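Structure, as structure tokens:
The values are calculated or read from the model by the stated rules, or taken from the named source; none is laboratory data. What you see is a predicted model, and the numbers here were worked out from it, not measured in a lab. Here the Cβ positions follow ideal geometry from the backbone for every residue, glycine too, while neighbour counts run over all protein chains shown.
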Amino acid sequence: MASHPEVPGDPTKTTTTMVEAATAAVQKFAPVNKIHQHLCAFHFYSHDMSRQVEAHHFCGHQNEEMRQCLIYDSPEANARLIGVEYIISENLFLTLPDAEKRLWHSHEYEVKSGVLFLPGVPGAIQRQDLAKVAQTYGKAIHFWQVDRGDNLPLGLPQVMMALTRDGQLYDHLAEDVEKRYNVDFKKEREERAYMKGPENGIHPLANAEGKGLKTELREVDVSPPTAHPPPRVFV
């Protein structure tokens with residue numbers, strides 16, 4: 001994994017650490033505590049496939065058909081939160097407006113090729129869940145462009161996409177991850193050959209229809225407040 005610039009700022013003070021310890025002892029972190037798995041995969045910027053990023057997803061289920069993931073640039077304690085991804089079933093994806101479908105990517109190739117995996121989890125166990133993931137769609141937004149060396153989250157959030165066929169992922173990225181996590185993508189591909197993608201096939205509007213999407217900022221007039229705001233209701 002490429003080294004990234006250090007985040008600027010003074011080191012965390014002892015007093016800050018003490019306050020954090022105190023708040024952690026009395027507060028609850030229910031949303032974060034729902035995180036139950038770590039997925040490692042690769043994302044690329046929808047408008048530029050040459051910019052490929054190792055993405056560590058820490059995910060929790062909302063229900064059987066939706067999970068939400070915090071995305072970091074590594075699994076280490078000092079990892080940077082670089083984005084989020086929502087993962088939904090094919091059933092939910094088909095309810096989305098057509099314009100929205102373009103923002104979502106399929107997971108079939110990622111899973112069946114072996115490049116999406118659960119670090120440290122035995123293959124037989126992770127394949128039980130990945131067979132489900134292969135049939136889902138994901139919407140990923142990255143806020144921190146660590147691949148270009150940004151030491152803070154600069155610029156606009158960008159839509160990310162996932163791999164959909166052989167020849168897209170850089171060999172050096174694949175080899176680096178295989179070495180660090182002791183995984184074999186080719187072997188996993190063979191083990192996952194039985195898996196299936198979405199029941200109706202990958203939707204033609206998914207994966208940005210094979211085109212690039214780029215977030216851009218546009219200046220518009222701010223709508224004034226209404227002359228007669230709705231009455232406040234107290235419950």
Mind listing whichever residues of the stretch 128-182 are under 18 Å from R80 (Cα atoms) and surrounded by fewer than 15 Cβ atoms within 10 Å (Cβ to Cβ)?
R148, G149, N151, L152, L154, G155, L156, P157
Is it the case, given these coordinates, that Q135 is at pLDDT 95 or above and part of a loop (DSSP other than H, G, I, E, B)?
yes
Looking at (1) free of Cβ contacts under 8 Å to residues at least 24 places away in the same chain; (2) under 21 Å from L205 (Cα atoms), which one does E108 not meet, given that it meets all the others?
(1)
Checked the stretch 101-143 for anything over 18 Å from the mean Cα position of the chain (by Cα) and of a type in the set (V, I, T); matches are V121, I125
When residues of the stretch 67-100 are filtered for being surrounded by fewer than 20 Cβ atoms within 10 Å (Cβ to Cβ) and either over 15 Å from the mean Cα position of the chain (by Cα) or under 19 Å from G212 (Cα atoms) (or both), how many remain?
14
Tally up the residues in the stretch 54-73 that are over 18 Å from Y170 (Cβ atoms), in contact (Cβ under 8 Å) with a residue 24 or more places away in the chain and not charged (D, E, K, R), please.
8
Show the residue pairs that are 6+ apart or on different chains and have beta-carbon atoms under 6 Å apart, the first residue being within the stretch 29-53 and over 15 Å from I71 (Cα atoms), the second being aromatic (F, W, Y) and not in a strand (DSSP E or B).
none
Here are some residues: S46, S106. Which one is polar (S, T, N, Q), modelled with pLDDT of 95 or more and over 25 Å from V183 (Cβ atoms)?
S46
Return yes or no: is L173 out of contact with any helix residue (DSSP H, G or I) (no Cβ under 6 Å at 6 or more places or on another chain), over 28 Å from L92 (Cβ atoms), in a loop (DSSP other than H, G, I, E, B) and among the aliphatic types (A, V, I, L, M)?
no
So, in the stretch 25-48, exactly how many residues are loosely packed, with under 10 Cβ neighbours inside 10 Å and part of a helix (DSSP H, G or I)?
4
